[in-house]
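S.K.: To start, I am sharing the structure in question, which I have written as structure tokens.
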Amino acid sequence: MADLRFGFIGAGFVAGVHAEAFAEVRGASIAVVYSRSADRARAFAAAHGIPRATDDWRSVVADRDVDAVLVMLPNHLHAEVVQAAAACGKHVLVEKPLCLTLDEADAMIGACRRAGVVLGYGEQLCFAPKYERLRALAGEGAFGRVYHLRQAEKHSGPHADWFWDVLSSGGGALMDMGCHAFGWFRWVLGPSFRPSEVLCRCDTQLHGERTRGDDHSIAVVTFRDASGHIATAQAEDSWAKPGGMDDRAELYGTGGVGYADLFRGGSSLVFSEQGYGYAMEKAGDTRGWSFVLAEEIHQQGYPQQMQAFVDCVRQGRPPAQSGEDGRAVLEMILAAYASAGRGAAVALPFQPQPGVRLPVELWRPVS
């Protein structure tokens with residue numbers, strides 16, 4: 001079977017991560033890359049051995065030599081591009097979060113369903129080896145009945161400017177990283193547990209001059225199953241932590257406990273007086289002591305995520321993380337922002353009032 005030929009729609013930081021991940025992926029290749037800057041597209045193509053580059057994303061989705069697209073644009077552009085790709089018969093993997101509103105999510109899911117193409121949702125934490133090991137052990141009953149989960153992702157802020165602009169991103173740290181936690185909670189607990197309410201607090205602690213969004217958030221989700229069992233899940237997300245990336249998960253059960261840290265264990269302890277190059281782990285300054293991962297992209301699950309998507313398209317089966325999963329995560333994010341705005345728990349399912357265009361508006365007005 002011929003390789004699945006991908007069009008990269010986006011040439012920013014995460015596109016570089018995915019391009020490196022492709023080195024481990026079987027049955028797929030990158031045919032073309034788009035950036036709104038033609039120079040950037042050409043430079044990205046040259047750096048990663050991609051045959052073609054363009055500054056017209058519509059030409060990518062219409063390209064007969066492209067079978068699937070990977071959408072890595074600012075969040076407010078996801079819905080338009082995904083629907084256009086579906087109309088051209090392209091399979092789609094879209095970076096998290098899925099989009100900005102539930103109406104957009106429904107339109108994206110519907111467009112891909114009508115076109116008969118796969119819509120995959122890019123939640124790589126569901127493929128990260130350490131996190132996956134915790135989930136597998138939970139499924140084997142190693143921890144007894146799981147009653148609490150915790151996932152924390154904290155650093156000093158994102159690389160690209162558009163994350164700080166809520167008109168492009170839709171929100172702050174909760175929007176950017178809370179989606180990881182919510183997606184992982186659903187993945188571990190499985191379909192028998194459904195989220196019933198969210199309690200959240202959002203703050204802007206450090207970056208008020210840069211964003212109208214939150215740079216620090218804590219959300220607690222209550223899940224329930226048909227037997228009446230309750231599992232709580234706590235998401236801690238921050239752009240206000242100096243010193244590099246923390247990404248940790250904890251799982252508590254009636255018969256055991258498990259911990260996973262993506263950035264400790266498997267890393268090298270390094271001291272540098274002058275500092276070193278661009279650090280993916282978002283260290284603000286690489287001078288002095290730091291932890292350096294030898295297999296950071298693999299530890300975060302990017303190659304495994306891409307391989308799973310390629311395999312599902314080639315074998316005609318549903319993706320592990322689908323558009324519907326992305327919609328469910330988005331609904332939880334919306335409820336969390338609403339909880340932060342109301343100062344009270346918000347029940348799920350949740351539907352924002354008409355006219356809300358950005359998730360962060362449920363927390364506080366955006367001027």
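Every number here is computed from the coordinates shown, using simple stated rules; none is lab data. What you see is a predicted model, and the numbers here were worked out from it, not measured in a lab. Virtual Cβ from ideal backbone geometry, glycine too; neighbours counted across all protein chains shown.
S.K.: Just checking: which of the strands (runs of 3 or more DSSP E) contained wholly in segment 1-120 hold 2 or more residues that are under 24 Å from Leu358 (Cβ atoms)?
M.R.: Answer list for segment 1-120: 91-95.
S.K.: If I filter segment 186-232 down to residues being among the small types (Gly, Ala, Ser) and farther than 19 Å from Pro359 by Cβ, which single residue comes out as surrounded by the most Cβ atoms within 10 Å (Cβ to Cβ)?
M.R.: Ala231
S.K.: Specify the residue that is surrounded by the fewest Cβ atoms within 10 Å (Cβ to Cβ); the eligible residues are those in segment 301-339 that are β-branched (Val, Ile, Thr) and either free of Cβ contacts under 8 Å to residues at least 40 places away in the same chain or under 30 Å from Val366 (Cβ atoms) (or both).
M.R.: Val329
Matching residues to (1) within 20 Å of Ala328 (Cα to Cα); (2) surrounded by 24 or more Cβ atoms within 10 Å (Cβ to Cβ); (3) small (Gly, Ala, Ser):
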residue	(1), (2), (3)
Ala138	no, no, yes
Val146	no, yes, no
Lys154	no, no, no
Pro158	no, no, no
Asp161	no, no, no
Trp164	no, no, no
Gly172	yes, yes, yes
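S.K.: Okay, moving on. Where the second residue is assigned to a helix (DSSP H, G or I) and the first is touching a residue at least 12 places away in the same chain (Cβ under 8 Å) and lies in segment 39-52, which pairs have Cβ atoms under 6 Å and are six or more apart or on separate chains?
M.R.: Close Cβ pairs (under 6 Å, with a partner that is assigned to a helix (DSSP H, G or I)) amount to His48/Ala19.
S.K.: Next question, about the same structure. Mind listing whichever residues of segment 52-76 are in contact with a strand residue (DSSP E or B) (Cβ under 9 Å, 6 or more places away or on another chain), more than 22 Å from Tyr302 (Cα to Cα) and not charged (D, E, K, R)?
M.R.: Ala53, Thr54, Trp57, Ser59, Val60, Val61 - these are the residues of segment 52-76 that are in contact with a strand residue (DSSP E or B) (Cβ under 9 Å, 6 or more places away or on another chain), more than 22 Å from Tyr302 (Cα to Cα) and not charged (D, E, K, R).
S.K.: I'd like to check which strands (runs of 3 or more DSSP E) are fully inside segment 206-262 and have at least 2 residues that are under 30 Å from Leu362 (Cβ atoms).
M.R.: Hits in segment 206-262: 216-224, 230-238, 246-253.
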